[in-house]
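We did not get these values from a lab; they are worked out from the coordinates using the rules stated. Since the structure is predicted, the reported quantities are computational estimates derived from the model, not experimental observations. Glycine gets a Cβ as well: all are built from the backbone with ideal geometry, and neighbour counts include every protein chain shown.
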Amino acid sequence: MNRMRWAACLLLAPLVLMLFPSGAAAGPTYAITNARIVPVSGPVIEKGSVVMRDGVIVAVGANVPIPADAIVIDGTGLHVYPGLIDGHTNFAVPRPRTQQQAQATPQVVSPFAQQAPAVTGQRGVFEPDTSNDPGIYLTPPARGITPQMVVARELEPGSEKATMLGVGVTSVLSAPREGILRGQSAVLNLNDGEPAEMVVSTPFALHVSLAGGGFGGGGGGYPSAQIGMIAAFRQALLDAQWYAARKAQWERHGGKGIPRPPYSPASEALQDALAGRQPVVFSVTRANDILKALRLANEFNLRAIIETGGEAWKVAGDLKKAGVPVIVSLNFRPAAGGRGGFGGGFAREEDPEEQRQLEQEAVRNAAELIKAGVPVAFSSTGLTNYADVIVNARRAAEPMGKDKALEALTIRAAEILGVATSLGTIEPGKIANLIVTTGHPLDPGTQLRYVFVDGQQVRFRAPEAPRGPAGGRPQPGASDQEEVRP
Amino acid sequence: MKNLQHNLVAGAAVLAALALVALAPTAAQQKSNEVFIQNATILTVTQGTIENGSILIRDGKIAAVGKGLKAPAGATVIDATGKYVMPGIIDEHSHSAIDGGVNEGSISVTSQTRIIDAIDPNNIALYRALAGGVTTLHLLHGSANTIGGESAIIRLKWGRPREEILFPGAGRGLKLALGENVKRSGATPQPGQTRRYPVTRLGVENVLRESFTRARQYMAEWDAYGKAKAAGQDPPIPRRDLTLEPLADVLRGKVRVHAHAYRSDEILMLLRVADDFGFKVRALVHALEAYKVAPEIAKHGAGVSTFADSWAYKWEAYDAIPYNAAICLRKGIPVAINSDSDERVRRLYQEAAKVIKYGGISETEALKTITLYPAMMLDIDKRVGSIEVGKDADLAIFSGHPFAPASHVVMTLVEGEVFFDRAKDLAKRAQPKAPPSGAQPPPVRSADADPGKQDP
C-alpha cells in the first residue's frame, strides 16, 4: 500500500510541477508606470512604463499599453535601471571539503610510487583527473586541475543573496573557488527559484589561477610555486590536445586497429576553451601576472579574460592589443604585506604611504583601462562587505563619470559574460532584471525601492549604515523596502 | 654658519651637475646610434689592458677598441678619464627577479618548471645588480629538488618588457641539485606537508638514474613514432611529457646542465651518472670540494661556479677552502665566481679579487671568473664576456680598478645603452619625493625584493 502511494506520488510529481511551476519566471505580470527609465542602451525615457511578463520585458516606452492583469507600480518620482551585474563571485559555489582530510598525517611520497587517488565522493570535492597521465610515477598528479567541475551542477545558494540584491545586483558570475584550472563558471540570476532556475548561462568560462591557486597555506602538494602552477596548466592543456588528437586518430581508423584513448573528463572539459569556443578567465592581479596570463593565452590560442586585474592599467596597451577584457575587482585595498624576495618567503613591513598610493592606483584602474579602449566590468571579488560594491563603484566612477561606470556594471558586464542579448539593458525581449530607485545608483543617498529578477519582485536586504564617524550619510534601511502584493 | 652650510650644499649641487655633464648623454646626442667612451683604462680580458683607450659602440655592438680613436660626429661621448672599463659582469648563479617561489619544492623532479615563466623584469634587484656592474644573470631554480627545471639567461635591461631582457639566442639550461638541500636533512614536515623522496644521497642518485632512464624511454618512444610516421604509417601519437622532454633534450645534448653540488663524492657520483647516460655537466655550482677532485672535473670538461671564500655555513660546506677557485683554474677548469644572492651580486668584482689573494691567480684570470668563464658556461661567450670588436657593448665603468677596494661602478651599459648611471642616481636621490596626491603614478613600480639571508 505504502509502495503504491509512493508510486502515485512519483507519477504525479511532474504533473504538479507543470501545474505549479516554481520557475522563477512564473508569477504575476508587472508594470512600472510614470517612471524615469534609463535603458543604458539608448536615450532616457523621462516618463514612461516598463511591462514585464513571464520573466521578460515585453514593452518599454513613454506610451505603452498596460495589460489589464498587470500589477501596476506607480513609479512617479522613481527611476528604473537595469539590474547590476557582478562580474565575478563565488556565490553559491560550495567550498571543497577535502582540506582537512588532506592535512592528515604526513606520508612519505615517492615520485616513483603510484598514488591512490583519495576517495571522497562528496559533493563539492573535485579530484584531479589522471586517467590519461602515464607519467604518474615521475610526477604525481597535479592538484587543482579540475576543469571538469561545472559550477551550475554544484550550486548551494546561501542567505547572502538578499544582501547582494540590496545593492541592486541582480546577476552574478559564479566561479569556482580554488585550484589552477578551477572549473567552469555560470551566469546566475539572483531569483527566488531553485538553483537550476537561477542559471542564465552555463558553462560560461574556464577559470584559471596562476598566483597561489587558492590552496590554503600552499604547503604540501604539487604544484605550490607559480612556476609549478604554470607547468601544471601547460601540461593539462597539452594533454587535452593530445587526447583530442588521439580521439580523432581513433575515429580516423574507424574505431579499430589502434588503442583507443582512455576517457578523460578533464581533457574533454578543456576542448571548448582550446577551440576558442569558450573564454578563459585568468584570476590575476599584478601587472606581471597579467602578462603571464596573456602569454599563456597566446601559447594555446585561448580567448582570455582578466579578472581581479588590480594592476591592469599598467599593461592596458597589451590588453587592448590582445583584445582582452578585464573584470576589475572593486576591492581596492592592496594585499597585506610586501612581496617576497628569495623563495617568496620574506614579507616586508607595510609602508602606509605606499599602501595609500596602491589604493589610489586601484581606484583609477578601471578609468585608465576604459580610456585605453579595454572593455571593463566590475566584480565584488575580495570585498568583505558587499555594500562596498556601490561605495567603491562610486569611487571608481569619479575619474570616468558615473554613466561609464554604470555601463561597466550593466551592458559591458553582459557583453563580457556573453549574455548581452539577454541582460544588461532595458529593452523589449530582454530578461526583466530591473531595479527601481530614487536616483542614479551611483549617486550618494540613492535608495533602492524595488528589485525585479526574472520579472518577479524579490526581497532584498538594504545595506546597513556604515558605522563610525565616516558614515554620517543616511543609507536606505530595510524598512524602505516596499513589497507589492498581487 | 648658515651661509657656510648653504655654500656646501651649493657646492655639492655644482659637483653633481658637473658629473652629470661629464657622464650623461645630452638629448641631441641620444638620437645617434653611436656611443664613444674615451680616455679609459680598458680591461679587455682577452686582449690585455689598454691605457688611455677608447671604445666606439655602434648599434649596441663594439665597433672599435684601442688608442687614438676619434669620436665620430654626433656620437654620444662618455668621458672616462681616470676610469676603468671592464666587460659587463656575468653572474652564473642568481635567483633574482623570480616571482612566486624559486622552488617547486613539493616533489623532487620538476624539470617541467621554467624560470622564464616567472621573471619580473621590474624587480629592483636587477637595478641593484646593475649598480655592481653586472649586465647578465643566469636565473635558476633553488636547490630543493634533484631536478629543478629550466633556467633562463637575462640581460639587465631593467624595466623593459620580458622579451627585451631575455638574452637573445641563449640556449636552454637545466638545474640539478645534490646533497643536503635535496634530501632535506633534518627538515620537519609541517602539518599537511608530505615527506618527500629522496632523504639520502643514495636516493638522490636513484632519482637521477630513474629520471634519465625514463627520459631515454621517452626519447625512444618519440623516435619510433617519428620513424613510423616517415614510413607512411599512422601509429598512436605519443603523449608530450613536459617533465621528461627537457631530460630527453639533455640526453640529446641540446640542454646545458648546471648542477648544485658541494661534496667531492657527490660530484663524482654526478659525473658517473652523466658518463653512463652520455651527457655532459656544463657547470658544477658551489662545488666547494671541487679542489679534491679537480682532475676528474677537468677530464669531464665541466666548469666550476663557486664562492670565493664562503664556508662552514652548513655541514656539507665544512671542507671548503678559499683556494678552491685557484686550484681548479690551475687544472685548466673554467671557474666562475657567482653571487647566488641579490646582495652579493652587487660586489662580485670584489669577490673575484679574492681569487688573487688566495692562490695568486693573475689579474686577467680573476677578471675572467666574472666575465668570460661564466659566459662560456652559458654559451654566450660569442656575444659577451670580453671587450672585443663585434661583441655586444655590455660594459661596466669603474671609478678605479675594479679590484681596488675603494672603487665603485659609475656607469653600466647594456648593448651600448646606459642602464645605471651613478651621477643620475645620486642626483635623483637628492630631489625631494614627488607629492603623492594627484600625481600620476609611476609607469613601472618594481617589486622590492628583500636581500635576505639566502641559502645557496
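Just how large is the dipole of region A:267-418 about the Cα centre, in debye to the nearest 20, putting +1 at every Lys and Arg Cβ and -1 at every Asp and Glu Cβ?
Here region A:267-418 has a charge dipole of around 340 debye.
Counting, for every residue in B:107-116, the Cβ atoms of other protein chains within 10 Å of its Cβ and taking the mean gives 6. Taking packing as the residue-averaged number of other Cβ atoms within 10 angstrom, the listed peptides A:414-426, B:171-183 run from highest to lowest as B:171-183, A:414-426.
Listed by Cβ neighbour count within 10 Å, with the fewest neighbours leading, A:His253, B:His286 appear as A:His253, B:His286. Simple spin-label estimate for B:Ile321 and B:Arg160 gives 4.4 nm between the two label positions (7 Å along the Cα-to-Cβ direction from each Cα). Between amide H atoms placed 1.01 Å from N, distances below 5 Å from B:Leu174 occur with B:Ser151, B:Arg256, B:Val257, B:His258, all of them 5 or more places distant or on a separate chain. Per-residue shielding of A:355-363, expressed as the average number of other chain Cβ atoms within 10 Å of the residue Cβ, stands at 2. Of the DSSP H helices in chain B, those that are both long (alpha-carbon extent of 27 Å or more along the helix axis) and hydrophobic (Kyte-Doolittle mean at least -0.5) are B:2-23.
Listed here are the pairs B:Lys157/B:Lys183; A:Lys292/B:Lys227; B:Lys183/B:Lys368; B:Lys61/B:Lys368; A:Lys320/B:Lys61; which of them are more than 26 Å apart at the Cα?
Among B:Lys157/B:Lys183; A:Lys292/B:Lys227; B:Lys183/B:Lys368; B:Lys61/B:Lys368; A:Lys320/B:Lys61, the Cα-Cα distance tops 26 Å for B:Lys157/B:Lys183; A:Lys292/B:Lys227; B:Lys183/B:Lys368; A:Lys320/B:Lys61.
Among B:Ile116, B:Ile333, B:Ile78, the ranking by other beta carbons within 10 Å of each residue's beta carbon, starting with the fewest, stands as B:Ile116, B:Ile333, B:Ile78. Across the options A:Pro176, A:Leu210, A:Ala232, the greatest Cα extent toward the positive end of the charge dipole of region A:161-317 (unit charges at beta carbon of Lys, Arg, Asp, Glu) belongs to A:Ala232.
Using C-alpha pairs below 8 Å separated by at least 6 residues, the relative contact order for chain B is 19 percent. Remark: mean inter-chain Cβ contacts per residue of A:234-243 equal 3, using a 10 Å Cβ-Cβ cutoff to other protein chain atoms.
Using the average count of surrounding beta-carbon atoms within 10 Å as a protection proxy, the listed peptides A:375-382, A:199-206 rank, highest first, as A:375-382, A:199-206.
Taking Cα pairs under 8 Å and at least six residues apart, what relative contact order does region B:92-132 come out at, in percent?
51 percent
Counting each DSSP H run of 4 or more residues in chain B as -39500 (n - 2.57), what helix-only mean residue ellipticity at 222 nm follows after dividing by all residues, to the nearest 500 deg cm²/dmol?
That calculation yields -8500 deg cm²/dmol at 222 nm.
Distant-in-sequence amide contacts of A:Val72, defined by a placed amide H-H separation under 5 Å and a gap of 5 or more residues or a different chain, comprise A:Ala31. A dipole drawn for region A:369-448 from +1 and -1 charges on Cβ atoms has a positive end, and of A:Pro375, A:Leu442, A:Ile426 the residue lying farthest that way is A:Pro375. Excluding A:Gly255 itself, what net charge comes from residues whose Cβ is under 15 Å from its Cβ, given Lys and Arg +1 and Asp and Glu -1? Net of charged neighbours comes to +3. The relative contact order of region A:370-413 comes to 46 percent, based on Cα pairs under 8 Å that sit 6 or more residues apart. The charge dipole of chain B, taken about its Cα centre with unit charges on the Cβ of Lys, Arg, Asp and Glu (plus for the first two, minus for the last two), comes to roughly 300 debye.
Among rounded, prolate and oblate, which fits region A:192-286 when a ≥ b ≥ c are the square roots of the eigenvalues of its C-alpha gyration tensor, a/c under 1.5 means rounded, and a/b larger than b/c means prolate?
oblate
Put +1 on the Cβ of each Lys and Arg and -1 on the Cβ of each Asp and Glu in chain B; which of B:Leu174, B:Asn338, B:Tyr291 then has its Cα farthest toward the positive end of the dipole? Towards the positive end, the residue furthest out is B:Asn338. When only the Cβ of Lys, Arg, Asp and Glu is charged (+1, +1, -1, -1), the dipole of region B:210-313 relative to its Cα centre reaches about 320 debye.
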